[in-house]
Every structure is written in C-alpha cells, then in structure tokens.
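Okay, so here's the structure we're looking at.
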Amino acid sequence: MITQRVDENIYEVPADMKLIKVEDKILNFNMKVPARIYANEYLMERISKDKSIDQITNVACLPGIRKHVIAMSDAHQGYGFCIGGVAATDIEGGAISPGGVGYDINCGVRLLKTGLEYSEVSAQLPELTEGLFHNIPSGLGSKGKLHITPTDLNQVLDEGINWAIEKGFGYDKDREFCEDHGFTQGADSSLVSKRAKDRGIRQLGSLGSGNHFIEIQRVEEIFDDRAAKIMGIQKNQVTMMIHTGSRAMGHQVCTDSLQEIDHLMHRNGIIAPDRELGYAISGTKEADRYLAQMRAAANFAWTNRHIIMHWARETFQSVLGLEPSQMELIYGLAHNILKQEEHDLGNGMRGMVNVHRKGATRAFPPGHPDVPDKYKEIGQPVLIPGSMGTSSYLCVGQEKAMDLSFASTAHGGGREMSRSKAKRQFWGKTIKQELGKQGIVVRAASLKILAEEAPLAYKNIDEVVGVSHNLGIIKKVAKLIPIGVTKG
C-alpha cells in the first residue's frame with residue numbers, strides 16, 4: 001500500500017481496498033479510514049521494517065472505525081494491533097478488539113518526586129537500589145509478599161486502589177493523581193475466570209519481568225519552567241518511576257476473551273483482516289463481558305502499582321530516612337487500555353467512542369475535566385519512559401492531541417529489535433558494566449534480562465518524544481535520567 005508523507009512528522013496511508021490472504025483465499029477488505037503514522041524519517045525507517053504499518057491498516061478495516069487510525073512514533077509489531085496503536089470505534093456497532101488493548105492490560109507508569117537532590121542520594125544509591133530489589137518481588141512468575149483471600153482479590157478487581165488505601169497502602173491524596181483515580185468503573189470480578197484469579201492472587205505487589213522496572217532518576221533538564229514549578233520539579237531533584245502492569249491476571253483475561261470472541265466470530269461466519277484482530281460488536285453481551293473483565297484487570301494493575309509504590313516509599317525511608325508522605329505522586333497512568341470517551345470525529349461532529357490505546361498514553365489538554373485541578377492550567381502529566389540507559393520524559397498533554405490522536409501519545413522508546421536478537425547481540429554483563437560507567441546502578445534478576453533490555457534494543461527516546469512535541473500533541477516539561485534501576 002502507498003504511504004504518503006503529508007507533514008514533516010505525519011505519514012498517511014489513504015483509505016483503500018486491501019487484498020489479504022485468509023487461509024487459502026484472497027479476500028477484499030476496505031479500509032474505512034486512513035491510517036496515520038506519526039514519525040520523522042529516522043523513526044519511519046525503523047517502523048517500516050516490521051509489520052506495524054500492515055497491522056494499523058488492518059485496524060482501519062474494522063467495523064465502526066472513526067476518523068483515522070494511528071501508529072505513534074514508538075510503534076512496533078504487536079498482537080493484532082501494533083504496539084503504539086490508537087483507534088476509536090462507535091459506541092454502538094463499532095468493534096471492540098482485545099488486540100487493541102493487549103495481554104498486559106493496564107501496563108502503566110507512575111512518577112514520584114522527592115525533596116532530595118542527587119548529591120544527597122548518590123553515595124547510598126547501591127544500598128537504595130538493592131533495597132528496592134529486595135523489598136519488591138520481581139521477575140518472571142514472581143509472587144508478591146501479600147497473602148490475600150479470594151474475597152480480597154474480588155475487591156481489588158472491583159475497587160482498584162480504594163481497597164489498597166483502606167488496607168493502609170498509600171494515602172487518600174494519591175487518588176487525585178491517578179488516571180481514573182486508580183479505579184476503573186464498570187469492572188465485574190464475577191466474570192473473571194477462576195484460572196485468571198488463581199494466576200493473579202499471589203502476584204499482587206510484584207514487578208514482573210521484561211521491560212518492567214523501578215527506576216531512581218535525576219532531573220537533568222527543565223524545558224517548561226511554569227509547568228515544572230506547578231508539579232514541584234526542579235533540576236537535580238531525585239524522582240522515582242514505576243513501570244508494570246496486571247501480570248498473569250491481565251494475560252489470562254485477554255486469553256479468555258480472545259478465545260470466546262474467536263468462537264463467536266467462527267459461529268457467525270465473521271472473518272477479520274487478521275486472525276489476531278478478533279472483535280465483538282460494541283453494545284453486545286460479548287463486548288460488554290470483555291469490557292467488564294478488562295476493567296477488572298485494569299483495577300488489578302492500578303492496585304499492583306499502588307502497593308509497589310508503598311513499599312518503595314518504605315525503602316526510601318529505611319535507607320535515607322525520608323518520610324513516605326514526602327514522596328509525592330506526580331501522576332500515574334495507563335498504557336494498555338480501552339476507554340469510552342467523547343472526541344472530535346471530524347466534519348464538525350463529536351461523539352462517544354471506544355478509544356483503544358495499545359502501548360499509548362492518554363494526553364488530555366489544559367482545562368479538560370478529567371485533568372486533576374492542580375494541573376488544569378498546564379494539562380495532564382504524560383510520562384514517557386526510555387530504556388534503562390537513556391532518558392525518560394515528563395510532559396503535559398496539549399490541545400492538538402484532541403484532534404490528531406484522540407488525546408494519545410507514545411508510551412516509550414518502542415523496541416527496535418526483538419528480545420531474541422538483543423540476546424544474540426548483547427551480553428548482560430557488558431551492559432551492566434557500561435551502565436555502571438555512566439553512573440547507573442543496576443540490579444536485575446538475571447544477566448539475560450539486561451541483554452534483552454539493552455538500551456540499543458530500543459528506538460531513540462529523544463526522537464520519539466520529539467515527534468509528539470513537534471506535532472503539538474504534548475509539551476516537554478523535564479528530562480529525567482536513570483541513576484538506579486531494578487528489573488525483574
């Protein structure tokens with residue numbers, strides 16, 4: 001299909017017919033809307049190397065798709081949707097696709113600030129990093145320190161961080177600075193399978209593996225003094241970022257839902273442009289069932305990060321004497337989620353749509369009703385982490401995001417090479433040594449993880465963030481560099 005460059009940072013595949021081989025047949029699928037890729041030349045070259053563009057044009061064929069579909073500047077191949085994919089469908093009659101959320105439902109990030117400067121922390125970084133690694137279980141299949149009952153788990157799935165706060169984890173004021181207040185409404189724990197609950201009950205309060213991390217950071221650069229002041233951020237300040245999701249709970253919810261939806265499509269003779277793009281029609285019982293389970297898994301993830309945050313605060317207190325209440329949450333947000341929101345649909349129309357964000361971050365502009373009062377005049381904080389050896393960015397949403405991207409932006413660097421290729425190309429021990437030379441203390445469950453997560457396995461985070469900034473989707477506020485990293 002023909003990709004046109006329509007702006008310095010926008011490429012577009014016009015709506016057209018796609019010929020796709022399904023089993024032994026060649027079938028016609030019509031793109032109902034154009035597909036957009038937000039990228040510069042450097043990023044477009046990389047995004048074009050995998051199936052990301054093919055995947056996002058497949059999404060443009062789904063029922064009820066509106067306006068345009070988007071591959072953000074960190075896009076790379078995923079399941080069904082590319083990671084970094086955004087699409088909106090009609091509330092009534094539009095597709096609801098689990099592939100547009102992914103397996104790690106509500107994988108997301110939190111950023112906390114301290115009142116400490118780097119010079120006050122540097123000597124104790126090894127002890128602090130080791131403490132975080134020891135106090136917060138991490139790694140593939142890791143189990144949390146909590147021993148909760150099935151009743152507790154159901155409350156987590158239905159109530160999100162409200163359960164955690166009632167149990168003494170965190171503070172009431174933390175709710176204000178979480179997307180959805182840390183509680184996605186419409187969840188129904190009774191619809192979540194026993195298998196999903198059995199896989200999740202011991203993992204609450206654990207970090208997981210892969211690209212999930214806890215990172216101690218130093219504010220290296222301020223781009224927007226006014227926004228930084230409102231957030232309480234200044235140069236050389238120490239911050240902490242947490243990145244993880246719903247663990248095996250979310251994975252099983254996605255698996256269960258895909259199986260159910262695949263059976264539904266087979267019974268009804270519905271063929272999708274990709275077997276990984278199974279969907280139910282919004283408003284049907286099957287779609288509502290998926291949404292209720294997805295929201296329950298999202299609440300598990302909100303709570304998982306909340307408990308990890310509590311233990312991280314305790315670790316800072318133990319090592320540095322910093323009171324937990326002095327580590328304030330700047331914001332916490334989701335990457336993989338489906339939201340029903342009101343948006344501009346083009347041609348002067350507005351309406352409620354199902355916004356699929358897969359590996360994409362919500363970025364509401366100043367004045368939006370869902371932005372916390374503290375940030376109303378600057379916009380929603382947007383957190384875009386890099387790899388463990390590169391910068392992360394604190395940004396804010398801007399007005400153009402509403403028109404260009406359904407108020408969405410990139411969620412990170414985005415992989416440039418597969419994990420298997422990274423393991424063949426990099427040695428974990430060498431990566432650890434190189435990071436040490438940069439003043440970054442690293443503690444990981446294995447050297448294999450360090451090889452998989454090598455900084456060069458990811459796209460250049462400065463380029464990724466620069467595209468969204470230059471498009472006016474977000475505005476950069478501060479650049480954060482890692483000084484201590486724990487990985488599962």
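We did not get these values from a lab; they are worked out from the coordinates using the rules stated. Just so it is clear, the structure is predicted and the values come from calculations on it, not from any experiment. So basically every Cβ, Gly included, is an ideal-geometry build from the backbone, and we count neighbours across all protein chains shown.
Summary of values
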{"quantity": "Ellipticity estimate at 222 nm from DSSP helix runs (n ≥ 4, -39,500 (n - 2.57)) divided over the chain, nearest 500", "calculated": "-9500 deg cm²/dmol"}
{"quantity": "Residue order, fewest to most beta carbons within 10 Å, for F81, F426", "calculated": "F426, F81"}
{"quantity": "Nonlocal amide H pairs with E328, under 5 Å, H built at 1.01 Å", "calculated": "K113"}
{"quantity": "Percentage relative contact order, the chain, counting C-alpha pairs under 8 Å, at least six apart", "calculated": "21 percent"}
{"quantity": "Sequence-distant residues sharing a close amide H with G484 (under 5 Å, placed H)", "calculated": "I216, V441"}
{"quantity": "Rh by Kirkwood over Cα pairs, then Stokes-Einstein D for the range 48-132 at 1.306 mPa s and 10 °C, µm²/s", "calculated": "100 µm²/s"}
{"quantity": "Nearest-0.05 FRET efficiency for E323 and M1, computed from C-beta distance (R0 51 Å)", "calculated": "0.35"}
{"quantity": "Per-residue Cβ neighbour rank within 10 angstrom, fewest leading, H469, H243, H356", "calculated": "H469, H243, H356"}
{"quantity": "Protection proxy ranking of 440-449, 378-387, 393-402 - average other beta-carbon atoms within 10 Å, highest first", "calculated": "378-387, 393-402, 440-449"}
{"quantity": "Length added when fully stretched, K21-T151, from 0.36 nm per residue minus Cα-Cα", "calculated": "42.1 nm"}
{"quantity": "FRET efficiency for Q185 and Q259, using Cβ-Cβ distance with R0 set to 22 Å, rounded to 0.05", "calculated": "0.30"}
{"quantity": "Distance in nm between pseudo-label sites at D373 and E176 (7 Å out along the Cβ direction from Cα)", "calculated": "0.7 nm"}
{"quantity": "Sequence of Y171, Y103 once ranked by neighbouring C-beta atoms within 10 Å, starting from the fewest", "calculated": "Y171, Y103"}
{"quantity": "Most to least packed among 38-51, 292-305, 223-236, 59-72 [average Cβ atoms within 10 Å]", "calculated": "292-305, 59-72, 38-51, 223-236"}
{"quantity": "Distance (nanometres) between label positions extended 7 Å along Cα→Cβ at M352 and K49", "calculated": "4.3 nm"}
{"quantity": "Backbone HN-Hα couplings from phi across the range 409-415 [Karplus 6.51/-1.76/1.60, Hz, Gly and Pro as x]", "calculated": "8, 5, 10, x, x, x, 5"}
{"quantity": "Set of the range 69-89 residues, backbone N closer than 16 Å to the point 7 Å along the Cα-Cβ line of R275", "calculated": "79-81"}
{"quantity": "Integer Hz, Karplus 6.51/-1.76/1.60 couplings in order for the range 225-230, x for Gly and Pro", "calculated": "4, 5, 5, 4, 5, 5"}
{"quantity": "19 Å Cα-Cα threshold exceeded, pairs from K229/K476; K143/K197; K67/K400; K51/K421; K376/K475; K67/K285", "calculated": "K67/K285"}
{"quantity": "Contour minus Cα-Cα distance for E434 and N470 (0.36 nm per residue)", "calculated": "9.8 nm"}
{"quantity": "S446-D288 pseudo-label distance in nm [points 7 Å out on the Cα-to-Cβ vector]", "calculated": "4.4 nm"}
